[in-house]
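Colleague: Here's a structure for you.
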Amino acid sequence: MANPSTKKRVLSGMRSTGKLHLGNYVGALENWVRMQDENDCFFFIADWHALTTDYADTSRLKENSIEVLLDWLAAGLNPAKCVMFIQSHIPAHAELHLLLSMITPLGWLERVPTYKEQKENIKEKDLGTYGFLGYPVLQSADILIYKADVVPVGEDQVAHVELTREIARRFNGFYAGKRKYVFPEPAALLTPAPRLPGTDGRKMSKSYGNAVMLTDPEPVVRQKLKTMVTDPRRIKRTDRGDPDACPVGDLHKIFSTKETMAKVYEGCRSAGIGCIECKNWVADTIVKILNPMQERRKKYEDNPRLAWDILEAGSARARDIAGATMQEVRESMGLDYSPNDDAEKDSRQ
Ligand code: TRP
Ligand code: SF4
């Protein structure tokens, strides 16, 4: 049986990239927080995955991991409702990664879209490494070792879940023997993430320096929004604008109420409001979302041990499940060299 409880097992991970921003919240975290109520949820910090690109300088690895955890807790992931853990504390992921790598054709990996894209786009690092090519195999191990039913991910990760399904099928084909299967095929759950613009109008991203961080205090949020680009045709206060052609308008669509949205459309198109006023409204809304998060975060910032304890307890729980799966994997692959009766007697002498 894949998962004895009637709840769906949900698993997802985030690379340990440090503090999270609003884009991470609406693109993933908000959805995770919602899912933890109804499902058997596992969320983990993919610190080994961070190493596939940031292998040369690991000085911030630990700090980046804890920052992610603090933002998760701040956003409302609750250790009473979901399991939070860190990849590197579950060595079985590495064992399964190795075994899956034996059966994964190179062509499958070379065809993964993120592989080609990132190798071409990230020029400042040498991504011609074994680990980087194998990234999706490690991700498959992350997913299969918990026999996840559902993997909530963004669009860019759907191909990785698809590959996971193919690897599961191939594994089952070779080794399931009399069982129906060892690994159930997980389904990707595409998180409907609106494209969140950053202050420069490009997609919000930490590396562009255009992001509103979940930890930004109110004055910083307001200052960042003040500098945000607007409808380029609205230069003077008396020019009419169009929220549909404005990144601030896009933020309103994601965060603001219908009423505010109506005021924005009306005021912008008639030049009845100024951009400063309009930006203040969206800042109000964002501050309202961030305030309770920052309040929750304080408790853990003041006492980081609390957060580590949550991560350690989650990791212990994850290790149990991963260990049971690996036992099954070893058995199905003929790797369970458990001593026979004679050998057992010998060892007792
Ligand atoms: N590759 C994912 C990302 O960059 C992170 C990740 C690693 C993941 N392992 C996973 C996501 C397993 C879902 C399931 O966002
Ligand atoms: Fe953009 Fe608002 Fe200015 Fe219109 S009023 S251009 S929506 S910032």
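Colleague: Separation between the K123 and D302 pseudo-spin-labels, each 7 Å from Cα along Cα→Cβ, expressed in nm?
Modeller: Between K123 and D302, the simple spin-label model gives 4.9 nm.
Colleague: No other cysteine beta carbon under 4.7 Å away is the test; run it over the chain and list who passes.
Modeller: Lacking a cysteine Cβ partner under 4.7 Å: C246, C268, C275, C278.
Colleague: Using the crude model of +1 on Lys and Arg Cβ and -1 on Asp and Glu Cβ, and no other charge, please compute the dipole size for the chain relative to its Cα centre, in debye to 20.
Modeller: Result for the chain is approximately 1060 debye, rounded to the nearest 20.
Colleague: Within the set K62/K119; K224/K288; K203/K258; K125/K206; K253/K279, which residue pairs have Cα atoms separated by over 21 Å?
Modeller: K62/K119; K203/K258
Colleague: Please list, short to long, the whole-number percent of alpha-carbon pairs of the stretch 1-91 in consecutive 10 angstrom bins beginning at zero.
Modeller: Calculated P(r), rounded to whole percents: 16, 47, 29, 8, 0.
Colleague: Hey, any idea what % of the chain's accessible area is carbon plus sulfur with a 1.4 Å probe?
Modeller: The nonpolar share, carbon plus sulfur, comes to 53 percent.
Colleague: Could you tell me which chymotrypsin sites (Phe, Trp or Tyr not before Pro) in the stretch 167-262 are loop residues by DSSP with no more than 16 other beta carbons within 10 angstrom of their beta carbon?
Modeller: Y181
Colleague: Please report, for the Cα atoms of the stretch 85-191, the Rg to one decimal and the Dmax as a whole number; what are they, in angstrom?
Modeller: Answer for the stretch 85-191, Rg first and Dmax second: 14.1, 49 Å.
Colleague: So, one more: Considering the convex hull of the alpha carbon atoms of the chain, report its projected area averaged over all viewing directions, in nm², one decimal.
Modeller: 21.9
Colleague: Ok, one more. Using unit Cβ charges (K, R positive; D, E negative) and no other charged atoms, how large, in debye to the nearest 20, is the dipole of the stretch 216-298 about its Cα centre?
Modeller: 160
Colleague: Once Rh for the stretch 216-298 is found with the Kirkwood sum over Cα pairs, what is the Stokes-Einstein diffusion coefficient at 20 °C and 1.002 mPa s, in µm²/s?
Modeller: Reported coefficient: 164 µm²/s.
Colleague: Using the heavy atoms of the protein chains alone and a 1.4 angstrom probe, what is the accessible area of the stretch 216-298 per residue in square angstrom?
Modeller: Accessible area per residue, the stretch 216-298: 55 Å².
Colleague: So what is the orientation-averaged projected area of the stretch 257-312, using the convex hull of its C-alpha atoms, in nm²?
Modeller: 5.3
Colleague: When ligands, DNA and RNA are left out and all protein chains stay put, how many square angstrom of accessible area per residue does the stretch 102-162 have with a 1.4 Å probe?
Modeller: Each residue of the stretch 102-162 exposes 48 Å² on average to a 1.4 Å probe.
The values are calculated or read from the model by the stated rules, or taken from the named source; none is laboratory data. Since we're looking at a predicted model, the values are computed, not measured. Heads up, the Cβs are rebuilt from the backbone with ideal geometry, glycines too, and the neighbour counts pull from every protein chain shown. To get the accessible areas, we keep the full protein, side chains included, count just its heavy atoms, and leave off ligands, DNA and RNA. Shrake-Rupley method; radii C 1.70, N 1.55, O 1.52, S 1.80 Å.
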